[in-house]
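Coordinate-derived values only; no laboratory data. Bear in mind that the values here come from a model prediction, so they are computed numbers and not experimental data. Here the Cβ positions follow ideal geometry from the backbone for every residue, glycine too, while neighbour counts run over all protein chains shown.
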């Protein structure tokens, strides 16, 4: 009788649940524990406080920071590196079949030729060369990696969308956010393109504010407020920084719309989160965002301020004409992204990779 395939799951990113990789590992493990996994022997590599969190039938290994300097000698049939950025690796001496999940390769989307970019290209290509399988979190990410990198012919490739961490949450309607506002969610980075929202705001009704949620340095905050002052909308800008999960739900629930003009996304989690509560989403028509927003979203075709403002006005007008149907369309789109389905697909991948000759 054949032994059950052994699967190593690199979940050390659980050390920080405020970051995307931490949430990804947490939601994947939580849903694995709800599914039948008796045909696989799962070993979770994670921080001490998560021992036994994903079922007592699995095995657990403590994650320590110094492990990044020593490759693992123990043989596993399948090694799932939950991001290609991980420095925790199996030894080259054993024959573990490695799966890398590629969440994005933002550095390869823009045509930049500098030392840092070349280093990123080299690192990712080296990981690809070691892989038995690659999982991409969107079709865009898959197509971009295939275009920019050499994929050996033996490698299995899959697209598995991330799930929605807020799929079971109910909206929180509150007086605190009872005023009219647009919401922007995401860390302040150049490619997120938040700065285009400032001049756009000057072409929208005076009572409409703009709330930014996401990590924001003091330098970036000064830049945003300076730009807002230039366009005479400083009193309509609210920079919240990072917020609790409860307050994030509250902000999504009461917003007139999510505005997300990002130029590059591997997936686009804020879009799914906002749609969960029937909140209109107005997003870029670039990279992976159309896959996530589908026909339920509205799209910025360009970033000319008055044009962007017109897209917002038309969206809010359409929503008011039939809010219940509009909300239903958004929520139906959000339901396509389920962590339960994501976990099921990964378990199938583990089995297929384990069976590779």
Within the stretch 240-268, backbone nitrogen closer than 13 Å to the virtual label 7 Å beyond the Cα of residue 303 toward Cβ: 260-265
Hey, any idea what the orientation-averaged projected area of the convex hull of the stretch 181-334's Cα atoms comes to, in nm²? 8.1 nm²
Classify the stretch 254-354 as rounded, prolate or oblate, taking a ≥ b ≥ c as the square roots of the eigenvalues of its Cα gyration tensor: rounded when a/c is under 1.5, otherwise prolate if a/b is larger than b/c and oblate if not. oblate
If R0 is 45 Å, what FRET efficiency do you get for residue 325 and residue 4 from their C-beta distance, rounded to 0.05? 0.40
Over the stretch 100-253, consider all pairs of different Cα atoms and compute the Kirkwood hydrodynamic radius from their mean reciprocal separation; express it in Å, one decimal. 18.7 Å
Enter the Cα centre distance for the pair the stretch 51-129 and the stretch 29-49, rounded to the nearest angstrom. 18 Å
Can you give me the C-alpha center-to-center distance between the stretch 130-188 and the stretch 273-289, rounded to a whole angstrom? 12 Å
When the helix-only estimate is applied to the chain (DSSP H runs of n ≥ 4, each -39,500 (n - 2.57), divided by the residue count), what is the mean residue ellipticity at 222 nm, nearest 500 deg cm²/dmol? -10500 deg cm²/dmol
Honestly the stretch 79-162 on the Cα gyration tensor test (a ≥ b ≥ c root eigenvalues; a/c under 1.5 rounded, otherwise a/b vs b/c for prolate or oblate) is just oblate
In whole Å, what three semi-axes, largest first, describe the equivalent ellipsoid of the stretch 1-122 built from its Cα gyration tensor (square root of 5 times each eigenvalue)? 27, 18, 14
Which shape class applies to the stretch 276-316: rounded if a/c is under 1.5, otherwise prolate when a/b exceeds b/c and oblate if not, where a ≥ b ≥ c are the square roots of the Cα gyration tensor eigenvalues? oblate
Among (1) 21.7, 74; (2) 22.5, 81; (3) 25.7, 86, only one was calculated for this model; which label is it, if the read-out is Rg and Dmax of the Cα atoms in Å? (1)
